[in-house]
1. How many residues does region 65-88 contain that are more than 30 Å from Arg20 (Cβ to Cβ) and either outside the structural domain of Gly159 (by TED's automatic domain parsing) or among the polar types (S, T, N, Q) (or both)?
2. In region 433-487, what residues are of a type in the set (Asp, Glu) and either at pLDDT 95 or above or within 21 Å of Arg202 (Cα to Cα) (or both)?
3. Any residue at all in region 58-74 that is closer than 15 Å to Leu5 by Cβ and either out of contact with any Gly (no Cβ under 9 Å at 6 or more places or on another chain) or of a type in the set (Val, Ile, Thr) (or both)?
4. Condition test on Val432, is it among the β-branched types (Val, Ile, Thr), outside any loop (DSSP other than H, G, I, E, B) and over 22 Å from Trp147 (Cα atoms)?
5. Does Thr408 meet the test of being touching a residue at least 60 places away in the same chain (Cβ under 8 Å) and over 18 Å from Phe129 (Cβ atoms)?
6. Would you be able to tell me the number of residues in region 1-24 that are in a helix (DSSP H, G or I) and surrounded by fewer than 19 Cβ atoms within 10 Å (Cβ to Cβ)?
7. Residue check, His484 against (1) more than 27 Å from Glu305 (Cα to Cα); (2) buried (at least 19 other Cβ atoms within 10 Å of the Cβ), all met but one. Which one?
8. Can you tell which of Ala19, Ala30, Ala14, Ala99 is under 30 Å from Gln483 (Cα atoms), among the aliphatic types (A, V, I, L, M) and touching a residue at least 60 places away in the same chain (Cβ under 8 Å)?
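The values are calculated or read from the model by the stated rules, or taken from the named source; none is laboratory data. Just so it is clear, the model here is predicted, and its values are computed rather than measured. Positions of Cβ are generated from backbone atoms using ideal geometry, with glycine treated the same way; all protein chains shown enter the neighbour counts.
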Amino acid sequence: MADELIFKPVAELAKLLDARKLSAVELTQAVVARTKAVDGQVRAFNSFDEADALAQAAVSDARRAAGQGRGPLEGIPIGLKDVISVAGQPLTASSKMLANFVSPYDATVTEKLRNAGAICWGRLNLDEFAMGSSTENSAFGATRNPWDLTRVPGGSSGGSAAALAAGEAIATLGSDTGGSIRQPAALCGVVGLKPTYGLVSRYGLIAFASSLDQIGPFARTVEDAAILLGAIVGHDERDSTSFKTDIPDYRAELTRRKGPWRIGIPKEYFGAGLDPEVAAAVEKAIAFYKSQGCEIKEVSLPHTEYGVGVYYIIATAECSSNLSRYDGIRYGHRAKTAKDVVDLYFQSRAEGFGAEVKRRIILGTYVLSSGYYDAYYLRAQKVRTLIRQDFLKAYREVDVLLTPTSPTPAFKAGEKADPLAMYLCDVYTIGVNLAGLPGISVPCGFSSGGLPIGLQLIGQPFHEAELLAIAHVYEQAHDWKSQHPKL
């Protein structure tokens, strides 16, 4: 029974809980037992508090018994990436810099999950400060892909994707700065949604690049992603970039919106570097939509080739600014042998940050420095505008864009030691963040080696309801979601 429970979607578990055929305590016990059994292999969690999770579950059962259940997330254990604040829990960003830090407050999304009845379950591993595409940059050790433990789960939200794929959580939250939800979702065979920038509050999220970061859900199904999105969206005055907009019932809209839709295929996303098996799986998905009466149209996003360069100027500039707060003075790692305050800054940061974080801080500081700001940062922002305009122009002709999520299936741990090779893993996902658009990755097949392949759909700003409906049509006609790794 436990093995059946851990791989059921939120929507099914909610029905069992409502019918009193299952208690939140029983479900949480099953998730905890699974985590204890397999996380030694997967290493998706930085930490978890079994007693706290079971206490939350007992409170949930009491609420339900009193007729005060809070909806479809009542009693559902949901894991959170270790950059999202949970009061009284560690908040490490998988960095030595914050190894002993405990969050004093809840992030807005954490509050919203609690208000929806969810059980906040554990702290999930990531690339340090969300900087990476493989979850190998964690100070607490690399996470492994449950489908093949010699391979990476993607990143930076690799712990969130791997935990879900391995049955260690019923759903999870991650953050996406350049593909950090969608790419690991593709590599681990789950659904990952990056909402429109400003739709979900960033209050309580450790900042990497503030104009690009966005929190979003990992789920087993598109329906579950819609349920989670509905729980965490909404304007928040504590986040100055939070957007006021009408919030539809995303779950209800899944079946209300029937199509057919106009689907754009960006020619720049199907060129050199795309693995043939990924290309074949995505081509089959395109053929499916065509069979459903959708209009398939090739479009051009001509500034795509500049995306990686633009991203790694803007993101590193913002990271250099955001991470300047970690100085060894107020909180975080503090060097023990510093001679004076300047030496304390130098030593604390040298000891506290890992190699990739240091690389990005140095690059970001350089592009913001006197004499280089106009040549790099300002120019990158101008090209970012052109990239966004490419997408908006395409949306005059089509409703959604369809692309691969990742150019390859999961690669072997240690395979991409060259930072530039790693950065190119995000070539199909970066543009979505630069343009502030919503994007979703949905499983669309497996490689000959049994590794998951993901399909990316990119929507118009604040058109998540339509994006989810289009993804749902594909998912309902295919059975990838019922396949799980053998651990």
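1. Going through region 65-88 one residue at a time, the tally reaches 1.
2. Let us first name the residues in region 433-487 that are of a type in the set (Asp, Glu), namely 464, 466, 475, 479.
Within region 433-487, Glu464, Glu466, Glu475 meet the criteria.
3. In the first step, residues of region 58-74 are kept if they are closer than 15 Å to Leu5 by Cβ; the result is none.
No.
4. So Val432 passes the test.
5. So Thr408 passes the test.
6. Qualifying residue count, region 1-24: 8.
7. For His484, the exception is condition (2).
8. Working: Ala19 fails: touching a residue at least 60 places away in the same chain (Cβ under 8 Å); Ala30 fails: touching a residue at least 60 places away in the same chain (Cβ under 8 Å); Ala99 fails: under 30 Å from Gln483 (Cα atoms).
After ruling out the rest, the residue left standing is Ala14.
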